[in-house]
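Undergrad: Have a look at the structure that comes next, please.
Every read-out reported here was derived from the displayed coordinates using simple, explicitly stated rules and does not represent laboratory data. This is a predicted model, so every value here is computed, not measured. When we count neighbours, we look across all protein chains shown, and the Cβ atoms used for this are built from the backbone with ideal geometry, even at glycine.
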Amino acid sequence: MSRWLIRNCDLVATFDDDDREIAGGDVLVDGTVIEAVGHQLSTDGCDRVIDGAGLVVLPGLVNAHQHLYQGATRAIPALERALIGPWLGGLGAIFKEWWQHGRFEPAHVEAIAAAVLCESLLGGVTTVADQHYFHPAGPTRPYIESTIEAAEHIGVRLHACRGTLTLGPDPDVVQSVDEVVRHSAELIAAHHDPEPGARVRVALAPCGVHVDELALFDELAALAADHPEVRLHTHLYEKVDTDAARERYGRTPWELLVEHGWAQPRTWLAHVVDPPAAEIAEMAAAGVGVAHLIAPDLRMGWGCAPVRAYLDAGVTLGFGTTGSASNDGANLLGDLRIAALAHRGTEPDDPTRWPSARELLRMTTRGSALCLGRPDLGMLAPGMQADIAAWDMHSIDRIGVHDPLAGLVLTGLSTRAAFVAVGGEVLVEGGEPTRLDVAAIAARARAVIPALPE
Ligand SMILES: [Zn+2]
């Protein structure tokens, strides 16, 4: 493995324990890990020295919630303006129709996932938590295995979240609890790497209490407990689950998780838009993480999750995009800008309550990494994985920026990263991929995405 130095960067934002920001800083990489961060580091033994002039350098961004296969269903006309119920039903019908006509095979998912992972990488994302939850009834087809293959091809770390529907309204796309547990165990045995530096980990991820058997939550909590670093993930407080939990069980979604063994540090939750205030303290005490997903929350008309309350309570807060069917993109930096602006409307008279650019960047680096159980990611410090993303502050839309970190979030156009490395491998340099043929990856995905059903 090589040893290289990126030198004299405009700013190195470490997100380490002291939140060090180093103007004119260097990052030294040896093999797959960071050896040092500081000023005027020695170039002894380096194969390469990269000029960091104009660059703001961050830990690689971590997307804490994504559905890669939904890259095939962006901007569906009938779902452009739809509430969550019709949106879920409409989307599910499209994938079912494609699958029934042999147009949604694991190889198709591989091509679509590769394209969205490539898009993510070009935007500075180095780790993605992907929940694949479309599974026809019966023995599980290797959709998730295909997604893992795509991640290995692109070079991005993947937390493969084994999604489920075990109680959905359509029996054709509902699996039994037994089959989910069987396949989850198989997936862990074949692909889960519990070690620091892991490229692939498996998480167990029912879609939610509204579409899954409660017994599944018990079974998956027990399965996770048997395997180091296997985490638990689900959607919570996205309106439909709140209604179903009350009507079916007379509980809140969180109360159901507590009752079924999910109020624990292995758990991280997606959305959590409008929990009762008292439950936020319970989430913090239980050590669960929350992934903030501003773009889909706004697209679904839900408004802003109580981010300041989470921060005040000490909840581990990450950030993600969710899938490209309810985001239409995989652009974390772009979504940070939306978050920076949207939250101002929730507390218009108190700017101190608005999330700052630094808080949002921290969520998207170290916060997301901690949600995923990755203390080896999300920070630029000696011994950490060399996952690095940098943006060019000399771009045309960033003249006049006086605070590079805030400027990165608040300026809006050049969201593509200038430089990206994953585990020490440089994958983007000078804004261009070093080994990926982006046009070919996009063409391959376009070729397998069918037309919409009549
Ligand atoms: Zn989701």
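Undergrad: Rank-order 362-373, 222-233 by packing density, defined as the average count of other C-beta atoms within 10 Å over each peptide's residues, highest first.
TA: In decreasing order of mean packing, 362-373, 222-233 become 362-373, 222-233.
Undergrad: Indicate the gyration tensor shape class of the chain (rounded, prolate or oblate), computed on the Cα atoms with a ≥ b ≥ c the square roots of the eigenvalues: a/c under 1.5 is rounded; otherwise a/b larger than b/c is prolate and the rest oblate.
TA: prolate
Undergrad: Here's something else I'd like to know. Under a plain spin-label model, where a point goes 7 Å from the Cα along Cα-to-Cβ, how far apart in nm are residue 285 and residue 32?
TA: It works out to 3.9 nm between the two label points.
Undergrad: Okay, moving on. Using the Karplus equation 6.51 cos²θ - 1.76 cosθ + 1.60 (θ = phi - 60°), what ³J(HN,Hα) coupling, rounded to whole Hz, does each residue of the range 390-398 give in order, writing x for Gly and Pro?
TA: Once θ is set to phi - 60°, the couplings for the range 390-398 become 9, 10, 8, 7, 8, 5, 4, 8, 10 Hz.
Undergrad: How long is the range 229-342 along each principal axis, judged by its Cα atoms, biggest number first, in Å?
TA: If we take the Cα atoms of the range 229-342, the spans are 37, 29, 28 Å.
Undergrad: Take the alpha-carbon centre of the range 328-363, take the same for the range 137-210, and report the distance between them in whole Å.
TA: Between the Cα centres of the range 328-363 and the range 137-210 lies a distance of 31 Å.
Undergrad: Roughly how far apart, in whole Å, are the Cα centres of the range 104-119 and the range 378-454?
TA: Comparing the Cα centres of the range 104-119 and the range 378-454, I get a distance of 19 Å.
Undergrad: Here's a follow-up. By its C-alpha gyration tensor, with a ≥ b ≥ c as the square roots of the eigenvalues, how is the range 111-219 shaped: rounded for a/c under 1.5, else prolate for a/b larger than b/c, else oblate?
TA: prolate
Undergrad: Rounded, prolate or oblate for the range 367-454? Axes are the square roots of the Cα gyration tensor eigenvalues, ordered a ≥ b ≥ c, and the cut-off for rounded is a/c under 1.5.
TA: The shape class here is oblate.
Undergrad: Beta carbons within 10 angstrom, averaged per residue: use that to sort the peptides 75-81, 382-388, 296-302, 176-182, highest first.
TA: Peptide ranking by packing, descending: 382-388, 296-302, 176-182, 75-81.
Undergrad: Provide the net charge surrounding residue 42, with neighbours chosen by a C-beta distance below 13 Å and charges set as Lys +1, Arg +1, Asp -1, Glu -1.
TA: Neighbour charge sum, excluding residue 42 itself: -2.
Undergrad: Count charges around residue 444 for me, please; just the other residues with Cβ under 12 Å from its Cβ, Lys/Arg as +1, Asp/Glu as -1.
TA: -1
Undergrad: Assuming 0.36 nm per residue, please report the length gained on full extension of the stretch residue 452 to residue 277 beyond their Cα-Cα distance.
TA: 58.8 nm
Undergrad: Subtracting the Cα-Cα distance from 0.36 nm times the residue separation, let me have the gained length for residue 189 to residue 312 in nm, one decimal.
TA: So the chain would gain 40.4 nm between residue 189 and residue 312.
Undergrad: Go ahead and estimate [θ] at 222 nm for the chain from helices alone: -39,500 (n - 2.57) per DSSP H run with n ≥ 4, summed, over the residue count, rounded to 500. All intermediate terms of the calculation are to be shown ahead of the outcome.
TA: Numbers: 15 runs with 147 residues, N = 454.
-9500 deg cm²/dmol, from helical runs alone.
Undergrad: Whole-Hz Karplus ³J(HN,Hα) for the range 222-227, in order, using 6.51 cos²θ - 1.76 cosθ + 1.60 and θ = phi - 60°, x for Gly and Pro?
TA: 5, 5, 4, 4, 7, 9
Undergrad: Same structure, new question: Once both labels are modelled 7 Å past Cα along the beta-carbon direction, what's the residue 137-residue 376 spacing in nm?
TA: 4.2 nm
Undergrad: With labels modelled as points extended 7 Å from the Cα through the Cβ direction, what inter-label distance (nm, one decimal) is found for residue 243 paired with residue 226?
TA: 3.7 nm
Undergrad: So, in Å, what gap is there between the alpha-carbon centers of the range 1-40 and the range 272-324?
TA: Computed from Cα coordinates, the inter-centre distance equals 31 Å.
Undergrad: Turning to a different aspect of this structure: Using each residue's phi in the range 80-91, evaluate 6.51 cos²θ - 1.76 cosθ + 1.60 at θ = phi - 60° and report the 3J(HN,Hα) Karplus result to the nearest Hz, with x for Gly and Pro.
TA: Couplings: 4, 10, 9, 6, 4, x, x, 5, 4, x, x, 5 Hz.
Undergrad: Just want to confirm a number: the relative contact order over the chain, from Cα pairs under 8 angstrom separated by 6+ residues, in percent.
TA: So the answer I get is 21 percent.
Undergrad: For the pair residue 42 and residue 75, what calculated FRET efficiency results from E = 1/(1 + (r/R0)^6), where r is the Cβ-Cβ distance and R0 = 56 Å, to the nearest 0.05? Display every interim value, and only then the final one.
TA: Numbers: r = 51 Å, r/R0 = 0.91.
The formula returns an efficiency of 0.65 here.
Undergrad: Would you pull out the residues with amide H under 5 Å of residue 65's amide H, same chain only if 5 or more places away, H placed 1.01 Å from N?
TA: Amide H to amide H, under 5 Å and 5 or more residues apart or across chains, residue 65 pairs with 129, 321, 322.
Undergrad: Can I ask one more? If you stretched the chain out fully between residue 352 and residue 437, how much longer would it get, using 0.36 nm times the residue separation minus the C-alpha to C-alpha distance?
TA: Gain on extension, residue 352 to residue 437, equals 26.2 nm.
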